[in-house]
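The structure under discussion appears below in the form of structure tokens.
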Amino acid sequence: MINKIVLPYPVDALEPYYSKETLVLHYDILYSGYVDNTNKTEEKLSAARRENNFENIKCLEKDLSFYGSGVILHEMFFKNMGIPIPSNPNISLMEQINIDFGSYEKFKNQFTESSKVVEASGWNLLVWVPRFKKLEILQCEKHQNLTLWGCVPLLVLDMWEHSYYLQYKTKRIDYINAFWNIINWNEVNKRWDSIM
Ligand code: MN
């Protein structure tokens with residue numbers, strides 16, 4: 001069960017840049033809906049496990065991505081806004097921005113241009129990619145894409161056809177069952193320990 005965050009500022013604090021009316025609608029109605037529906041989806045998932053009935057698992061996990069990502073991204077959005085007094089990236093973030101974008105101005109230009117072309121319902125994000133050790137700007141269409149933003153993968157199974165078709169052809173389930181015999185839980189444990 002997740003709880004709504006409390007806005008870190010009064011609802012009229014972002015005026016005139018972000019109106020009270022817009023913020024109230026966004027926070028009270030839309031964001032609250034994401035939180036409620038995430039909780040409902042978690043309950044349904046729990047019931048599915050209890051009853052060992054996974055008939056709707058695809059739909060439930062899609063709902064979890066949609067509602068859950070809605071929660072996470074809106075909370076970041078609300079928190080990364082604040083009363084209009086000047087603030088700046090700290091020294092180390094600014095250093096990284098300079099390395100990866102050339103300058104703050106160049107970062108700002110790219111972020112602005114990128115935001116302009118996000119298709120319909122979507123987000124624009126400044127992200128850190130640990131594997132590349134690099135800041136990147138990414139557009140996200142809709143917001144779910146069957147993931148939960150901020151999640152940390154622990155165990156992954158490649159379900160692209162190239163990963164099993166040569167050996168298992170259409171017998172996907174045989175490939176999945178075989179996988180359980182070759183999981184290296186030591187590696188999974190290591191990932192788990194690194195975030196705990
Ligand atoms: Mn929104």
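Observations
- Qualifying residues in the stretch 8-19 (those that are hydrophobic (A, V, I, L, M, F, W, C) and either loosely packed, with under 13 Cβ neighbours inside 10 Å or touching a residue at least 40 places away in the same chain (Cβ under 8 Å) (or both)) - the one nearest to the ligand (Cβ to nearest atom): Leu14
- Among the residues of the stretch 138-162, those identified as out of contact with any Gly (no Cβ under 7 Å at 6 or more places or on another chain) and farther than 22 Å from Asp63 by Cβ are Leu138, Asp158, Trp160, Glu161, His162.
- Selection within the stretch 1-59 - touching a Ser or Thr at 6+ places or on another chain (Cβ under 9 Å) and in the same structural domain as Leu73 (by TED's automatic domain parsing): Tyr34
- Subset of the stretch 25-70 (residues that are touching a residue at least 60 places away in the same chain (Cβ under 8 Å) and of a type in the set (A, V, I, L, M)): Leu64
- Asn98 vs. criteria in contact with a helix residue (DSSP H, G or I) (Cβ under 8 Å, 6 or more places away or on another chain) and part of a helix (DSSP H, G or I): yes
- From the list Trp185, Trp149, the one residue that fits, being within 23 Å of the chain's Cα centre (by Cα) and not assigned by TED's automatic domain parsing to the domain that holds Ile57, is Trp149.
- The stretch 65-121, residues that are surrounded by fewer than 16 Cβ atoms within 10 Å (Cβ to Cβ), hydrophobic (A, V, I, L, M, F, W, C) and within 14 Å of the ligand (Cβ to nearest atom): Met76, Phe77, Val118, Ala120
- Residue check for Lys106: farther than 30 Å from Val35 by Cβ and among the basic types (Lys, Arg): yes
- 1 or more residues surrounded by fewer than 13 Cβ atoms within 10 Å (Cβ to Cβ) and in contact with a Leu (Cβ under 9 Å, 6 or more places away or on another chain): qualifying helices (runs of 4 or more DSSP H) within the stretch 135-196: 185-195
- The stretch 71-86 residues that are within 14 Å of Pro10 (Cα to Cα), paired with ones that are part of a loop (DSSP other than H, G, I, E, B) and within 11 Å of the ligand (Cβ to nearest atom) (beta carbon under 6 Å, 6 or more apart): none
- Residue list for the stretch 20-64, filter: within 16 Å of the ligand (Cβ to nearest atom) and of a type in the set (Gly, Ala, Ser): Ser32, Gly33
- Subset tally (residues that are more than 25 Å from the chain's Cα centre (by Cα) and not small (Gly, Ala, Ser)) for the stretch 12-27: 6
The values are calculated or read from the model by the stated rules, or taken from the named source; none is laboratory data. Computed from a predicted model, the values in this text were never measured in an experiment. Neighbour counts are summed over all protein chains in view; Cβ atoms, including those assigned to glycine, are modelled from backbone coordinates with ideal geometry.
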